[in-house]
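S.K.: Supplied in structure tokens, the structure appears directly below.
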Amino acid sequence: METHVLEVDSLEDCRKIYKEAAAVLADGGLVAIPTETVYGLGADAFNPDAVAQVFAVKERPAFDPLICHLSHARELAEITEIPAELKSLVDKLAKEFWPGPMTLVLPRKSSIPDIVTSGLPTVACRVPSHEVMRGVVRALGHPVAAPSANRFGHISPTSAPAVVKELGGRIPLVLDAGACSEGLESTILEPCLDEKGNPAVRVLREGPVTREKLRKICRVLKPVRGAVPAVAPHAPGMLKSHYAPTKPLLLQDARTPFEPEEGVAYGLISYQGDSLLAEQDCWAEVMPLSPGSGRLAEAAVRLFAVMRAMDECEAVQVIVAEKLPETGLGCAMMDRLKRAAARCEDGEL
């Protein structure tokens, strides 16, 4: 299969391209579509055969559910049954964070095929802030089911060339709108009732909508220890091992000397590039996430691109990543790095 890449730039081109992408989706095909977080591999959410292709192309296990992308919050009514006691909270969250990088896990309607939700009674939904994804959803006329546009477990793509490297020859169309502005997958939330029966949210996956932002508008339940499942998650992006390069990845405190194994070439992913760890002379390559400035927002945008560049660096055999401050966006980045490192810890690499 030949993969076509269409650049999305002028407004006139956009309208034409949205219709072209929607036609591919309506015909049961797959399209890689940019969002503000990462590029997604989209299928018509109401077409189970098309959604099955997503799992096949990504080599994704059928028990890992997908996110349905909407063009507006009002479209939740098409696919969800929101309990009355949670309606006010869901409306508040949608008003505050949509369009944007927040996914809500809500009770589903039967209109959504089981394959989208992996047979679960809930469906993951979000309204992205990227106009291209919303434009394609509007042109199609119903939700687009879209996980990240990469092979399962690999580094999420934040640019069209990264999608082509992952899925070139496997899908017919990629929409290229440049690099993603957030660079990390959406925060996944489950609206629920706390122990006193009051509305609250449970964070299922850390992301750009941080706990600090959430606490300003609602109660955020404390994470449950050991809540990340190795198999059979009840929301997307919850597997212990995920977002991983093909090379082993190790986590290291930036203030602790690294002891390299003789004969192994190591590359360092550094937060700022000027830590005590980065100053060691054992690195074949050092790639900073936020050179000199130490800005978490910049580091988040660059994280997957730097991971991919290090994975493709021929001079490096093993990747070492500095641990990041676990505040704000740092929590989301450490979540991704811990999952990437889990493959090495579990002996998979």
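Please treat every number below as a calculation from the coordinates, not as lab data. Quick caveat, the model's predicted, so the values are computed rather than measured. Cβ coordinates were reconstructed from backbone atoms using ideal geometry, including for glycine residues, and neighbour counts include every protein chain displayed.
S.K.: Among the numbered criteria (1) part of a loop (DSSP other than H, G, I, E, B); (2) over 24 Å from Gln53 (Cα atoms), which one does Val201 miss?
M.R.: Here Val201 clears every test but (1).
S.K.: Next question. Might you check whether a residue that is over 30 Å from Gly168 (Cβ atoms) and in contact with a Pro (Cβ under 9 Å, 6 or more places away or on another chain) occurs anywhere in the range 55-72? Let's see the steps before the verdict.
M.R.: At the first step, the residues of the range 55-72 found to be over 30 Å from Gly168 (Cβ atoms) are 72.
With in contact with a Pro (Cβ under 9 Å, 6 or more places away or on another chain) added as a condition, the list becomes 72.
Checked the range 55-72: at least one residue is over 30 Å from Gly168 (Cβ atoms) and in contact with a Pro (Cβ under 9 Å, 6 or more places away or on another chain).
S.K.: Only one of (1) in a loop (DSSP other than H, G, I, E, B); (2) surrounded by fewer than 20 Cβ atoms within 10 Å (Cβ to Cβ) fails for Ala309. Which number is that?
M.R.: (1)
S.K.: Still on this structure: Can you confirm whether the range 183-202 contains a residue that is more than 23 Å from Ile17 (Cβ to Cβ), polar (S, T, N, Q) and surrounded by fewer than 24 Cβ atoms within 10 Å (Cβ to Cβ)?
M.R.: yes
Each row is one residue, and each column tells you yes or no for (1) closer than 30 Å to Lys222 by Cα; (2) within 21 Å of the chain's Cα centre (by Cα); (3) among the charged types (D, E, K, R).
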| site | (1), (2), (3) |
| --- | --- |
| Ala265 | no, no, no |
| Gly294 | yes, no, no |
| Leu303 | yes, yes, no |
| Arg308 | no, yes, yes |
| Met333 | yes, yes, no |
| Arg336 | yes, yes, yes |
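S.K.: While we're on this one: Within the range 36-57, can you find the residues that are under 16 Å from Ala124 (Cα atoms), part of a loop (DSSP other than H, G, I, E, B) and under 19 Å from the mean Cα position of the chain (by Cα)?
M.R.: Hits for the range 36-57 are Thr37, Ala45.
S.K.: In the range 21-52, which residues are out of contact with any helix residue (DSSP H, G or I) (no Cβ under 7 Å at 6 or more places or on another chain) and surrounded by fewer than 18 Cβ atoms within 10 Å (Cβ to Cβ)?
M.R.: Matches in the range 21-52: Ala23, Asp27, Asp49.
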